[in-house]
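Chemist: One structure is given below, represented as structure tokens, and several questions about it will come after.
Quick note: the coordinates plus some simple rules give every number you see, no bench work behind them. Quantities reported herein were computed from a predicted structural model and do not represent experimental measurements. Please note: Cβ atoms are built from the backbone with ideal geometry, for glycine as well, and neighbour counts cover all protein chains shown.
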Amino acid sequence: MSAALDRLKNLTNKISSYETARKDNLKILENLYKDIGIDEKVEEFSELFNFKAVNLSGASLLVENLGEIKNGKYLQILAIGYDKDAVVKSKNTSLGYFGKAENVDVELKDKIVEFILRFRFEKSFMTLEHYHTMLLPFKHNE
């Protein structure tokens, strides 16, 4: 019985730490949203999550070379929206254009990379909640 209680305690701690990480992430994300000027393109912070995805050109988002500049490229944040009623369903929107990647201040570039990662972190929670809700009709009596 002790092993089962330990597993339950560990699971509870993990869930609690995820919720804490999520709340902390949202606070930092909102600050970055203002710091890098996304609030000039998207008026309300909550509207940011209407986009399906946010991508970055001009710098790497791969773990092995995170934030590494791609010389000759332009640093730009692109958001992908989706309109199910439109003829062309997806639409790319520039949320921020920062010029030649190699000319962008390192601190600003790092904030941009962090913004993208923190957006994706929150979006992953939203996706989890979405599919959890969608699966409810399929829940079998247990």
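Chemist: Between exposed trypsin sites (Lys or Arg not before Pro) in the chain, where DSSP calls loop and at most 10 other Cβ atoms lie within 10 Å, what's the longest gap? Walk me through the numbers before you get to the answer.
Modeler: Details: sites that count: K84, K89, K139.
Value returned for the longest uninterrupted segment is 1-83.
Chemist: Given a Förster distance of 35 angstrom, what is the FRET efficiency for T133 paired with N92, based on the Cβ-Cβ distance and rounded to 0.05? Walk me through the intermediate numbers first.
Modeler: Working: r = 28 Å, r/R0 = 0.80.
The calculated FRET efficiency here is 0.80.
Chemist: So how much slack lies between D39 and A3, counting 0.36 nm per residue of separation and subtracting their Cα-Cα distance, in nm?
Modeler: Numbers: separation 36, 0.36 × 36 = 12.96 nm, distance 4.92 nm.
Fully extending the segment from D39 to A3 adds 8.0 nm.
Chemist: Just to confirm the number: angle between the C-alpha axis of helix 2-35 and the first principal axis of the chain, 0 to 90 degrees, nearest 10?
Modeler: 20
Chemist: Only one of the values (i) 23, 17, 16; (ii) 34, 22, 14; (iii) 30, 16, 12 was calculated from this structure for semi-axes √(5λ) of the Cα gyration tensor in Å; name its label.
Modeler: Working out semi-axes √(5λ) of the Cα gyration tensor in Å from the coordinates points to (ii).
Chemist: Too long at a 21 Å Cα-Cα cut-off: which of K52/K91; K14/K52; K73/K111; K52/K100; K52/K89?
Modeler: In this structure, K14/K52; K52/K100 exceed 21 Å between Cα atoms.
Chemist: Still on this structure: Once R0 is set to 25 Å, what does the formula 1/(1 + (r/R0)^6) return for the Cβ-Cβ distance between N31 and V106, expressed as a FRET efficiency to the nearest 0.05? Write out the running numbers ahead of the final one.
Modeler: On the way: r = 19 Å, r/R0 = 0.74.
For N31 and V106, the calculated efficiency is 0.85.
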